[in-house]
Each structure stands twice: as structure tokens, then as C-alpha cells.
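Bear in mind that the values in this text are calculations on the coordinates, not laboratory data. Source: prediction; values computed, not measured. Using ideal geometry, Cβ is built from the backbone for each residue, glycine included, and neighbour counts are taken over all protein chains shown.
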Amino acid sequence: MKALSISALSVAAIIGASFLSADSAAPAAAALQPDKVAQDAMTPDTVLADLKAGNKRYAADQLSNPDLKPRIAKATEGQFPKAYILSCVDSRVPAEQVFDQRIGDVFVGRVAGNIENDDQLGSMEYAAAAAGIKLIVVMGHESCGAVKGACDNVQLGNLSALLQKIRPAVRSVEGNADKTSKDKAFVAEVVKNNVKMTVADIRTRSEVLADMEKAGKIKIVGAYYSLKTGEVTFL
Ligand SMILES: [Zn+2]
């Protein structure tokens, strides 16, 4: 519960926010991205519903208007985002677009194979305890190259150590069968298990986040992105 003792003043300093600005902003501009009032009214479940609705728009090729220029201008007032998405670096999985989110809406942490590490955990703790997000989504995806590399035990420079972090998920699915990335169903199962194990690891390795989840302040969920349809399934 250490992080929860951060004072409102220091939180404002950390995220560069002015609480007064939310009240003084013009109504039209205030609707462009979450302000403190809007963020305080969110719950983990309403944010999850928001992301699901955004993914439906994305998969239906009906993304909302980005209003880019006014959103860029409003960004100087601080940030009150709703979620943290831990995603793969894959070029085919653009995290903000996948959930139809815009400037000021979500933090995105991207690393091959969407595994958690010390720096991702620190970033999530900042996002949750200091910046007020309500939901952490760990999102794996169909035909993930990092997962395929882990399935085949690829060795390449610094990548080898990263792939080792995915190996427990590979072993959890293959047992003694010694399968390879040519087996698409096998790869899909490893991707999903890797997501589930990452969610469990986040809870085990971060007391800050585990305590916040127990208190109902955040939720940590897993998800699977289909390259074929653009649809996200929550696991
Ligand atoms: Zn990937």
C-alpha cells in the first residue's frame, strides 16, 4: 500500500497536471480526453467495456474521429488516462487503434512477446498508483514471432534471453511432445498461456499492483488479438 500514500500534490507534480484546468476548460475541449473528474468516475469494469466497444469499432472499420489538433493542444494540461496496455512490438498490432483510443487515453508498454519485466512493472506501478489508470491489459496476438521463436528455441544475441521468458509458456503447452512453430494451434495456445502467465507474474511480482487489485481500484486482465479479424478476445 506504499504507493497509495503518495499525496495528491506530489501526484499532480509527477504527471504534470493542474487540477484547476479541468474545471476551467471549455466544455467542448474537456470532452476530448479524460480529465480528473471523468477519470474519477471510471471503474475497472467501465474501462473494460469502453475498450471492448472501441475494439468493435476498430474491427468494423468505424474508428471515431481523432480530432488530432485540439487533442494535441489539450495534452499540455496533464493526463488522466484509463488503462495500461502491455502489448507486443509487432507492427500489425497497433495498440491504441485496436481499442480506438486517442491522445491521453491509454499508456502502452510494448515489448516482443508482451512479457513483463522490471521496467514494465515499474511503468505499470507509475500508471496505476500515480496516474490513476483503472485497468491493465496484457495483450498477446495470433502468429506472434517472439512466441514462435521461443517455441523453436531460437538463439540470437540479446533476443535469446527475452525468449527464455516465454519458454515456461511453451513447456506448459507442449509437455514432452517437442512441438515447433509450424503447428499453428500449438502457437496460439502458447500465446494465450504466455498472456495468462504474464498476468499471474504481474500479481506475484508487484505488491503495489496486487494490493490495488485486491482493493478494487484496478483490474489486470489478459487478451488475445486476432490478426485475421482485428477482434480482441478477453481471456
Ligand atoms: Zn508478437
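Odds and ends about this structure:
- Rounded to whole Å, sorted largest first: equivalent-ellipsoid semi-axes of the chain, Cα gyration tensor: 34, 20, 14
- Where both bridge residues fall in the chain, DSSP classifies roughly 15% of the beta bridges as antiparallel.
- Angle between the chain longest axis and helix 184-205 axis [Cα atoms, degrees, rounded to 10]: 50
- Under a 5 Å amide H cut-off, with hydrogens placed 1.01 Å from N, residue 109 pairs with 85, 86, 87 among residues at least 5 apart or on other chains.
- Separation of alpha-carbon centers, segment 126-151 and segment 69-87, rounded to whole Å: 19
- Cα centroid separation, segment 92-112 to segment 182-235 (Å): 15
- Over 32 Å between alpha carbons, listed pairs 134/192; 82/182; 74/217: 82/182
- CD proxy at 222 nm, helix term only [per DSSP H run n ≥ 4: -39500 (n - 2.57); per residue of the chain; nearest 500]: -13000 deg cm²/dmol
- FRET efficiency for residue 38 and residue 172, using Cβ-Cβ distance with R0 set to 30 Å, rounded to 0.05: 0.15
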